[in-house]
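Trainee: If you scroll down you'll find the structure; I have some questions about it.
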Amino acid sequence: MQQRIAKFNRILKIREDSRRNEQAILAAERSEERAVMDHITQLENEKTQAIRDFSTTGEKMISATDLWFQRQFIDAIDTDITRGKDSLNEVRGRIVNTEARLVERHKDVRIMETYIDHLKEANFHEQLGIEQNELDDVATMQYSRKGAY
């Protein structure tokens with residue numbers, strides 16, 4: 001029984017390692033999500049500033065080429081924001097998948113822990129039974145010796 005418990009403890013350790021790996025992957029993905037969100041926020045701030053600059057150009061004399069370049073700059077920022085949002089959606093999709101895998105790993109660990117606990121309990125009761133039988137044998141031997149005198 002001890003060998004069986006040791007075997008399942010090794011399996012449990014492997015499953016716990018797998019769960020820790022998924023947790024590390026999830027942490028990295030969440031960090032990536034925060035970085036992408038920060039980048040999108042920065043781009044949106046740049047766009048707001050560029051629009052503000054573009055709207056104040058009416059007060060100054062500016063060439064049509066400069067207006068065109070400013071507008072192209074705003075469009076480029078819009079494109080970057082769109083790419084960033086696509087990237088954010090991709091990262092969030094990976095996070096959802098990783099969370100699902102992590103839940104499965106956690107279930108596997110809990111099932112294994114429960115099974116090992118049952119094995120340990122069965123082993124404990126088995127050992128108690130063996131000890132009780134030994135005590136009964138000793139008591140029987142002592143009783144039979146006293147009865148023989």
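FYI, it's all coordinate maths here, none of it is from the lab. Nothing here was measured: the structure is a model prediction, and the numbers come from that model. Cβ sites come from the backbone with ideal geometry, for glycine too, and all protein chains shown count toward neighbours.
Trainee: Please compute one quarter of the surface area of the Cα convex hull for the chain and express it in square nanometres.
Mentor: That works out to 12.9 nm², a quarter of the Cα hull's surface.
Trainee: Can I ask one more? Per DSSP H run of n ≥ 4, the term is -39500 (n - 2.57); total these for the chain, divide by its residue number, and report the mean residue ellipticity at 222 nm rounded to 500 deg cm²/dmol.
Mentor: Computed mean residue ellipticity for the chain: -36000 deg cm²/dmol.
Trainee: Give the lysines reachable from Lys146 as a straight Cα distance under 23 Å; neighbours fewer than 8 places away on the same chain don't count.
Mentor: Reachable lysines: none.
Trainee: Using a simple charge model, +1 on the beta-carbon of Lys and Arg, -1 on the beta-carbon of Asp and Glu, nothing else, what dipole does the chain show about its Cα centre, in debye to the nearest 20?
Mentor: With only Lys, Arg, Asp and Glu charged at Cβ, the dipole is about 480 debye.
Trainee: Now for a separate question. Could you name the aspartates and glutamates whose alpha carbon sits less than 17 Å from that of Lys107, not counting residues in the same chain fewer than 8 places away?
Mentor: Within the straight-line cut-off, Lys107 pairs with Glu16, Asp17, Glu22, Glu99, Asp117.
Trainee: Also: Hey, if you put +1 on the Cβ of every Lys and Arg and -1 on every Asp and Glu Cβ in the chain, which of Asn89, Ile11, Gln49 ends up farthest toward the positive end of that dipole?
Mentor: Ile11
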